[in-house]
1. Using only Cα positions of the protein assembly as shown, each an equal point scatterer, no hydration layer, compute I(q)/I(0) via Debye at q = 0.05, 0.10, 0.11 Å⁻¹ and quote the log10 values to two decimals.
2. Modelling each spin label as a point 7 Å along the Cα-to-Cβ direction, I'd like the B:Ser7/A:Glu42 distance in nm, to one decimal.
3. List nothing, just return the count: lysine pairs in the protein assembly as shown, 8 or more apart or interchain, with Cα separation under 26 Å.
4. Quantify how strongly other chains surround peptide B:46-56 by giving the mean number of their Cβ atoms within 10 Å of each of its Cβ atoms.
5. Report the antiparallel proportion of the DSSP beta bridges in region B:4-79 as a percent, rounded to a multiple of 5.
6. Tell me the label-point distance for the pair B:Asp124, B:Arg32, using the 7 Å Cα-to-Cβ offset, in nm and rounded to one decimal.
7. Please identify which residues in region A:269-287 have an amide N closer than 19 Å to a label point set 7 Å out from the Cα of A:Ala172, following the Cα→Cβ vector.
8. Expected output is a single nm value to one decimal: the length gained when fully extending between A:Gln35 and A:Glu208, i.e. 0.36 nm times separation in residues minus the C-alpha distance. What is it?
Amino acid sequence: MQYERPQSTAEAARLLHGATGPARILAGGTDLIVQMNAGVAEPALVVDIKRIAGLRDIVAEDGGFRIGAAVSCAEMGEHAALAAAWPGIVEGANLIGSTQVQGRATMAGNLCNGSPAADSVPGLVAAGATARIVGPEGERDCPVAEIPAGPGKTTLKPGEFVASFFLPGRPARASDAYLRFIPRTEMDIAVASAAVNLVLAEDGSVAEARVALGAVAPTVRLVDAAGAALVGTRLEEDALEALAKACRDACAPIDDKRGTIEFRTKVAGVLARRAALIAYTRAGGRT
Amino acid sequence: MKTIPVSTRVNGDSVEFLCAPEETLLDALRNRLGLTGAKEGCGSGDCGACSVLVDGRLVCACLVLAAEAEGAEIATVEGMAEGERLHPLQRHFIDSAALQCGVCTPGILVAAKALLDHNPDPSDEEVRYWLAGNLCRCTGYDKIVRAVQSAAAEMRGA
Ligand SMILES: Cc1cc2nc3c(=O)[nH]c(=O)nc-3n(C[C@H](O)[C@H](O)[C@H](O)COP(=O)(O)OP(=O)(O)OC[C@H]3O[C@@H](n4cnc5c(N)ncnc54)[C@H](O)[C@@H]3O)c2cc1C
Ligand code: FES
Ligand code: FES
């Protein structure tokens, strides 16, 4: 195995492009090094992106934020302005693993590892976040929702990697929330999860809503009908039930020892309701 | 296989070593530098027995490549005592019988010190959440939480 530590995204792209065997990006290593230690991943080239200028920064851009692909989840939690604007994104990222894992894990690694239960991805999808992707043909921006392609798979082309995420600016009456169900309080994989991102109108009704579900399908799902169920409402009971039903209808989960199909489907609806109420309160709305 | 020269600082001392590209920081600390305080409980990030600080961040050394330590500042349990003088956390762990087999203890000490360095007066709940990635098969955790709290109180001068 060859270990490289490029200083620029262009150099990283060149290294990936020139690789003669399996090549992997190394961010926090909390998935990759686990797989290497277990002999599941045997890359010929590992490209550590943590020393690339700018990739560890969170910066204000166009009223929103650009978050470098090597920013750890702990660093996100410590960024007061980011946590105030996007509390749902930050709480998803901060649910990943232990304190030790938080110090290393990144959202880009969480996304590119391709787990349907990845905790930071529903929040990014609900936010309408875009990823800046660098590859052999230069840079492109792509909605995060279009990157997962199934367990362990992404739509990134050979030689491409995520350099940063962009979270758009938002009006004053807007917020988001993320909830997951796990059988314990810490250190477990989501059995089902939901992220809700709301923008309220002047009169306190919901003007825009985006709802994304995790762990209930081969990829994180943006559920358009669930968002539509909330628009124009103040989260009255019938709106919440319509939201929950749209979420249940969008579920295509697996059946395993951690949760049956029936349980995951039901819980997805419950979590979406609760996350919607939290996001609504955070955005300044009152039910 | 190509070896990689690494120059780093461990517990304040400049250190140089050669490592294999896929070697973990945990293996380099234990096998190349003779620092066997950090333990391998799982090798998968679940147990925290390998906890060390890299540039001030608490991490699992089993999930860091040794080559990543280039130019970094590493702190391990071996750096906690000053000569013969134990760190208050170490003393309170002994006094409160917060360890039995001791395999988890170095990792818990390093993690607890990282907590108290940024939060000198944590609640029990904060201690438990902070240490959720440090597994102990022996103590039942209660004595660990109490030892951390009594060390914290002493360090605050309370
Ligand atoms: C003890 C433990 C508990 C965990 N708990 C959770 C949890 O609660 N929830 C959860 O969702 N996950 C959890 N995880 C999994 C893991 O921590 C997360 O998925 C984390 O976000 C991965 O990020 P990383 O930076 O460490 O990724 P890495 O391990 O560095 O990379 C992961 C994968 O993505 C690729 N990659 C990384 N960065 C990029 C990039 N910029 N562009 C393209 N490809 C890239 C790598 O090549 C690799 O294939 C846990 C892991 C451990 C060890
Ligand atoms: S050995 Fe590193 S977490 Fe268990
Ligand atoms: S004292 Fe034995 S594992 Fe904690």
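1. -0.19, -0.75, -0.90
2. 3.5
3. Lysine pairs satisfying the spacing and distance rule in the protein assembly as shown number 12.
4. Per residue, the average neighbour count from other chains is 2.
5. If I count the DSSP bridges inside region B:4-79, around 90 percent turn out antiparallel.
6. It is 4.4 nm.
7. It comes to A:280-287, nothing else.
8. 58.3 nm
Read-outs throughout are calculated quantities, based only on the coordinates presented, and are distinct from any laboratory measurement. Predicted, not measured: the structure shown is a model, and the values here were computed from it. Cβ coordinates were reconstructed from backbone atoms using ideal geometry, including for glycine residues, and neighbour counts include every protein chain displayed.
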